[in-house]
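The numbers here are math on the coordinates, done by the rules we state, and not lab data. A quick note: this is a predicted structure, and the numbers were derived from the prediction, not measured. Reconstructed Cβ throughout: ideal geometry from the backbone, glycine too, with neighbour counts over all protein chains shown.
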Ligand SMILES: Cc1cc2nc3c(=O)[nH]c(=O)nc-3n(C[C@H](O)[C@H](O)[C@H](O)COP(=O)(O)OP(=O)(O)OC[C@H]3O[C@@H](n4cnc5c(N)ncnc54)[C@H](O)[C@@H]3O)c2cc1C
């Protein structure tokens, strides 16, 4: 592995950093055919804004800012579900280790705190994977839900947890084909569901838009920002949370060195839990793609649309709209994906997306078509063209996890938990599932990648029609 000097932005010389004290445990995970390279500047950085409805106003800081050069046993970059669940498990496995969880944004400001809030065991069925791999992903997601629920219950985290299951639905022929595939997959995995006819769906949800559906129990609908912040606040003292501090450079070595603003963080082991920002830190470039997806939420509706006070709908058609009725009687619509490098979640793209969301709302609830949106926002996630996930070791004492393709709350949580076991050199009964997940597929170099992906997503959007 090559070593390079730190391109320090610091205005003061750096004081020496204590040498690492702990031996690295024997690695259980196989090493990939390439390793973490020095990072001199992230390719792109997380952005934030105040457009997500989940964080109501400025939030109290969690943790403490960096004020000196620091040595820790493990530095985890990224305080989303993956990083947080990794930190929780690692602190439990190795209570004497000093762990730092560092994030460029405040906890809850990135995708983990600005998503649609579906904590799901089975999101979609991937026909190419066969039963065993699909079942493995579902088992991993179930593990993620169980671990998160355990912490939520143990620490009394208030995140509006609603365990009423969700509806997987279809609108047109394309959607019904996708739903039929999902149904067969659920049967093959031996998972339970209840068929819903359009009349039953209309009575429960208050829309006649859906022509077929299934009700699936498990997981939860919740407020994601309250959950991630609660998970961060529940961390033990051995985990130091550093918010609003981007990692600017990484110099891999026997002791990895991170430059974070004016200060240097040195660590024996490094975990990159940056999902859509893995390529920005030099990992899986061209394999993990930073996509953005967008959502809008209405003001409270004048009346409850159907018989259920809150619910969540999952489209099985890839480009369909996710729709939720929130507990305060507002409708959330998530729809639209964009691949841009760097990802775009700014005001102008959100304004364009709001028009699409308005059309999605009008199709489903014509009587509420004019209810204003209080918020429209976007978030960055890591996507792979073959729905594969990143999990494992990327060199000596360097680990990474990301690209959870739509079920990042549960799968990211599970993989973070399992990665902690790998970092600590501890066996876990489900580790083999994580290690045998499909590897991200190669995509052509730029500009062919951007042109190809933009054309493909546009075409898929066209095919989706009324599912949007
Ligand atoms: C609108 C929307 C709706 C979604 N709905 C759902 C849903 O309902 N259910 C579901 O399961 N998933 C959903 N997702 C996807 C889900 O949010 C993600 O898969 C999940 O949050 C991934 O978690 P993570 O911890 O791996 O990554 P993230 O939450 O993206 O965390 C990565 C962190 O790394 C930090 N970071 C990156 N670079 C640096 C750096 N250089 N220095 C320091 N920190 C850095 C970022 O600030 C970020 O906090 C949705 C996503 C969006 C955007």
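Quick notes on this one:
- Cα centroid separation - segment 212-274 against segment 124-146, whole Å: 24
- The chain: angle of helix 130-155 to the longest principal axis, Cα-based, in degrees nearest 10: 80
- Using a Förster distance of 25 Å, the FRET efficiency for residue 303-residue 454 (Cβ separation, nearest 0.05): 0.05
- Residue 363/residue 462 FRET efficiency (R0 25 Å; Cβ-Cβ; nearest 0.05): 0.95
- Fraction of beta bridges assigned by DSSP in the chain that are antiparallel (%, nearest 5): 70
- Shape category assigned to the chain from the gyration tensor of Cα positions, a/c cut at 1.5: prolate
- Cβ crowding within 10 Å, taken as a proxy for footprinting-reagent exposure, orders 401, 350 from fewest neighbours to most as 350, 401.
- Ellipticity estimate at 222 nm from DSSP helix runs (n ≥ 4, -39,500 (n - 2.57)) divided over the chain, nearest 500: -9000 deg cm²/dmol
- Tilt relative to the chain, helix 408-424 - C-alpha long axis, 0 to 90 degrees, to 10: 20
- Förster radius 25 Å - calculated FRET efficiency between residue 427 and residue 35 (Cβ-Cβ, nearest 0.05): 0.55
- Relative contact order (percent, whole number), segment 122-250, Cα cutoff 8 Å, 6+ residue spacing: 32
- Angle in degrees between helix 448-464 and the longest Cα principal axis of the chain, rounded to the nearest 10: 30
- Three-way shape label, segment 48-152, alpha-carbon gyration tensor, a/c 1.5: oblate
- Oblate is the label for segment 125-204, because the ratio a/c of its alpha-carbon gyration tensor axes (a ≥ b ≥ c) is 1.5 or higher and a/b is not greater than b/c.
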